[in-house]
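Since the structure comes first, as structure tokens, the remarks are kept for the end.
The values are calculated or read from the model by the stated rules, or taken from the named source; none is laboratory data. The model shown is predicted, which means the values in this text are computed figures rather than measured ones. Neighbour counts run over all protein chains shown; Cβ positions are idealised from the backbone, glycine included.
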Amino acid sequence: MFEESRQIPSGSELRSDVCIIGGGPVAIAMALRLAKAGSEVLLLPGGGWREEADDRDRYRGFVDPAGSHEPLEENRRRVWGGTGTVWGGRCVPFDTIDYENRPWIPHSGWPIARAEAEQCLKDALEFCEAGSGSFEVGKVFPDSPTAILPGFENEKWSTRNLERWSPPTNFGRRHRKDIQLSQKIRVLLHGQATHLQLHRNGNRLEHVQAAAQPGHRFRIRSSAYVLACGGLENPRLLLASRNIQKEGIGNRFDQVGRYYQSHLFGVCGHAILKNPHSMVYDFEKDADGVYCRRRFWLTAEAQKEHQIGNAVGFFFRDLSDAAMHRDPVTSSVFLAKSLLRASSRGRPGLSRLWREQGDLLREHFATILAQAPSAGPHLFRLVAGRFFGKRRLPFFLPPVRQGRFPLFYQTEHTPDPESRVLLSCDQKDDLGVPRLLVKIRFGHRDFQSVKIFHREFQNRLRATGLGEFHYDEETLAAQLENRRSGFNSNAHHIGTTRMASRPEHGVVDTQGRIHGVANLFVAGSSVFPTSSHANPTLLALALALRQARLLGQIVHGL
């Protein structure tokens, strides 16, 4: 059931078997799984049905150097459903090499094997409404060509792995009725965790201090507690709860907040193919109607040979000034997004957009008007698939006849202890929680992964005679250097409470439990030791469902 925490008398103490701090996909999945197993669960989602100004302000923080990371409130949502209310829906598993200890990747290696990490992967896919669970082209599309381009694959390149796409599921909306009817789940809307109170001996959590708003506080006492509020808020609460352990909970060896990872991604190059119509280019639908797409993957053998991180790419569209390429579909989407984003801020937003980007908007309008007759059918299919299908088309692709195929890349971010989040020394939000300071760092190996991916893709396309890949090494190097001063994580917040067998090397154990604290657990992508190239949502859910199974056993055994 749902309750408004602002109606709970200040000073109250609430009880449950499990208290989950968070209201996004991971928190919702864990609550449903625990309730099904018989546990009474209380959730503190931090927000309500709609995000309010105060909610967003509580995410504000600082970045060092200034501008080197997006504003901390930009990609996150403090609302029922969390940032999962605005996710894109891409579901991708990690590769076997991601779990391995790679000598050329410092701090790599998971303390659990892939089979254990992914034992609930099919359940996670079902939760995401993303299909049957296979990511192999041959199993899902047995009658289709194996490769994206005939003759492209070899020991260094594979295009046989799929990504699956959720509709995308809005988890808060999708499971609202189930939770409303549940006698085991209690959601305190606007309930904000502000402090984790350890027992004086430090080996157990006694209660969670919470607030509905400034001056309105209550506490929750449970058998077990789970932090499931994201890769930035999880370490924030651990570091801020320091009245018993002065360095913060789980931080005896200064591991909380370190190894902050995301992904490098972008477009810097395009292919010209000799026979583009022989390519498997667009999205394919499996037997369940789920959108799937193939990718160019630099194999584990190639990664070992070149001593780089994991990397994938796929044909996409330009992310810069698309109007100069004279594509009316790209221009239509650019204009729609720009106008919708500006209109959400009212007349001042529209005025500012026109003042700052008027020339660019006019160029996009001209592109659409000039080619509207020829683009009409494609635009119609795009709108129908994007907005009126049972599942939303994940994104549009420029038509094959355009003949120019920009390559989107997404690569692994090497774990680095100096890439980290900390607490502000003197700034707090209105509930008294110290604000965050983010220091994200990218190293030489991160950039080499991108550069070698582009170089090897160019070499392979040329060697097979399938076409040419055009990119400029200096332009790519400049793009990567710009990431140091203007990175955007796209909400891929990974690694800040990493899993490790020993507390000297991480924050949680293989069950997601804080080292040395018997009843405090962490869920979500903050426990990942490495980032792979993969979007984190699917694996975060798989690990959370696995953890819920273990947690249910622990709770009822306490």
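Here is a yes/no grid of residues against (1) modelled with pLDDT under 95; (2) among the basic types (Lys, Arg); (3) over 23 Å from Leu196 (Cβ atoms):
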{"site": "Gly506", "(1), (2), (3)": "no, no, no"}
{"site": "Asp509", "(1), (2), (3)": "no, no, no"}
{"site": "Gly512", "(1), (2), (3)": "no, no, no"}
{"site": "Leu520", "(1), (2), (3)": "no, no, no"}
{"site": "Ala542", "(1), (2), (3)": "no, no, yes"}
{"site": "Arg549", "(1), (2), (3)": "yes, yes, yes"}
{"site": "His556", "(1), (2), (3)": "yes, no, no"}
Need pairs with beta-carbon distance below 6 Å; first residue without any contact (Cβ under 8 Å) to a residue 24 or more places away in the chain and surrounded by fewer than 24 Cβ atoms within 10 Å (Cβ to Cβ) and within segment 69-87, second in a helix (DSSP H, G or I) and of a type in the set (D, E, K, R); sequence gap 6+ or separate chains.
Glu73/Arg56
Scanning for something among the hydrophobic types (A, V, I, L, M, F, W, C), touching a Ser or Thr at 6+ places or on another chain (Cβ under 6 Å) and not in a loop (DSSP other than H, G, I, E, B), does segment 440-448 turn up at least one residue?
no
Listed residues Thr475, Thr464; which is β-branched (Val, Ile, Thr) and touching a strand residue (DSSP E or B) at 6+ places or on another chain (Cβ under 7 Å)?
Thr475
Name every residue in segment 411-421 that is assigned to a strand (DSSP E or B) and surrounded by fewer than 20 Cβ atoms within 10 Å (Cβ to Cβ), in order of residue number.
none
Given the structure, is Asp430 surrounded by 17 or more Cβ atoms within 10 Å (Cβ to Cβ), closer than 27 Å to Thr496 by Cβ and at pLDDT 95 or above?
no
Does segment 445-461 contain at least one residue that is more than 20 Å from the chain's Cα centre (by Cα) and of a type in the set (Val, Ile, Thr)?
yes
Exactly one condition in (1) surrounded by fewer than 20 Cβ atoms within 10 Å (Cβ to Cβ); (2) over 21 Å from the mean Cα position of the chain (by Cα); (3) at pLDDT 95 or above is not met by Leu43; state its number.
(1)
In segment 527-558, what residues are in contact (Cβ under 8 Å) with a residue 40 or more places away in the chain, under 30 Å from Arg294 (Cβ atoms) and assigned to a helix (DSSP H, G or I)?
Thr537, Leu538, Leu539, Ala540, Leu541, Ala542, Leu543, Ala544, Leu545, Arg546
In segment 129-185, residue farthest from Gln458 (Cα to Cα) [restricted to those that are surrounded by fewer than 20 Cβ atoms within 10 Å (Cβ to Cβ), in contact (Cβ under 8 Å) with a residue 24 or more places away in the chain and acidic (Asp, Glu)]
Asp178
Residues of segment 521-558 classified as surrounded by fewer than 24 Cβ atoms within 10 Å (Cβ to Cβ) and touching a Lys or Arg at 6+ places or on another chain (Cβ under 8 Å), total
5
Residue selected from segment 462-486 under the condition among the small types (Gly, Ala, Ser) and assigned to a helix (DSSP H, G or I), by the criterion surrounded by the most Cβ atoms within 10 Å (Cβ to Cβ)
Ala477
Output yes when any residue across segment 374-382 is farther than 30 Å from Ser166 by Cβ and either modelled with pLDDT of 90 or more or part of a strand (DSSP E or B) (or both), and no when none is.
no
Criterion (without any contact (Cβ under 8 Å) to a residue 60 or more places away in the chain and out of contact with any His (no Cβ under 7 Å at 6 or more places or on another chain)) met by exactly one of Arg455, Arg435:
Arg455
Condition met for Asp64 (more than 17 Å from Asn535 (Cβ to Cβ), acidic (Asp, Glu) and at pLDDT 95 or above)
yes
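Residues checked against (1) of a type in the set (Ser, Thr, Tyr); (2) under 24 Å from the mean Cα position of the chain (by Cα); (3) farther than 22 Å from Gln511 by Cβ:
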{"position": "His175", "(1), (2), (3)": "no, yes, yes"}
{"position": "Val208", "(1), (2), (3)": "no, no, no"}
{"position": "Gln213", "(1), (2), (3)": "no, no, yes"}
{"position": "Ile249", "(1), (2), (3)": "no, no, no"}
{"position": "Gly269", "(1), (2), (3)": "no, no, yes"}
What is the residue count in segment 241-250 for residues that are crowded, with 16+ Cβ neighbours inside 10 Å and in contact with a helix residue (DSSP H, G or I) (Cβ under 9 Å, 6 or more places away or on another chain)?
3
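This table checks each residue for (1) part of a loop (DSSP other than H, G, I, E, B); (2) hydrophobic (A, V, I, L, M, F, W, C); (3) over 25 Å from the mean Cα position of the chain (by Cα); (4) modelled with pLDDT of 95 or more.
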{"site": "Phe265", "(1), (2), (3), (4)": "no, yes, no, yes"}
{"site": "Ile272", "(1), (2), (3), (4)": "no, yes, yes, yes"}
{"site": "Val280", "(1), (2), (3), (4)": "yes, yes, yes, yes"}
{"site": "Asp288", "(1), (2), (3), (4)": "yes, no, no, no"}
{"site": "Arg293", "(1), (2), (3), (4)": "no, no, no, yes"}
{"site": "Lys304", "(1), (2), (3), (4)": "no, no, yes, yes"}
{"site": "Ile308", "(1), (2), (3), (4)": "yes, yes, no, yes"}
{"site": "Gly313", "(1), (2), (3), (4)": "no, no, no, yes"}
Mind checking which residues of segment 214-247 are touching a Leu at 6+ places or on another chain (Cβ under 8 Å), in a strand (DSSP E or B) and either farther than 22 Å from His493 by Cβ or of a type in the set (Phe, Trp, Tyr) (or both)?
Phe218, Arg219, Ile220, Arg221, Ser222, Ser223, Ala224, Tyr225
Between a residue in segment 251-278 that is buried (at least 23 other Cβ atoms within 10 Å of the Cβ) and any residue that is in a loop (DSSP other than H, G, I, E, B) and among the aliphatic types (A, V, I, L, M), which pairs come within a Cβ distance under 6 Å, given they are 6 or more apart or on different chains?
Gln255/Val507; Val256/Val507; Tyr260/Ile440
Name every residue in segment 18-36 that is assigned to a helix (DSSP H, G or I) and surrounded by 24 or more Cβ atoms within 10 Å (Cβ to Cβ), in order of residue number.
Pro25, Val26, Ala27, Ile28, Ala29, Met30, Ala31, Leu34
Test: residue in segment 512-523 that is assigned to a loop (DSSP other than H, G, I, E, B) and within 19 Å of Ile105 (Cα to Cα):
no
State whether one or more residues within segment 468-491 are free of Cβ contacts under 8 Å to residues at least 12 places away in the same chain and among the basic types (Lys, Arg).
no
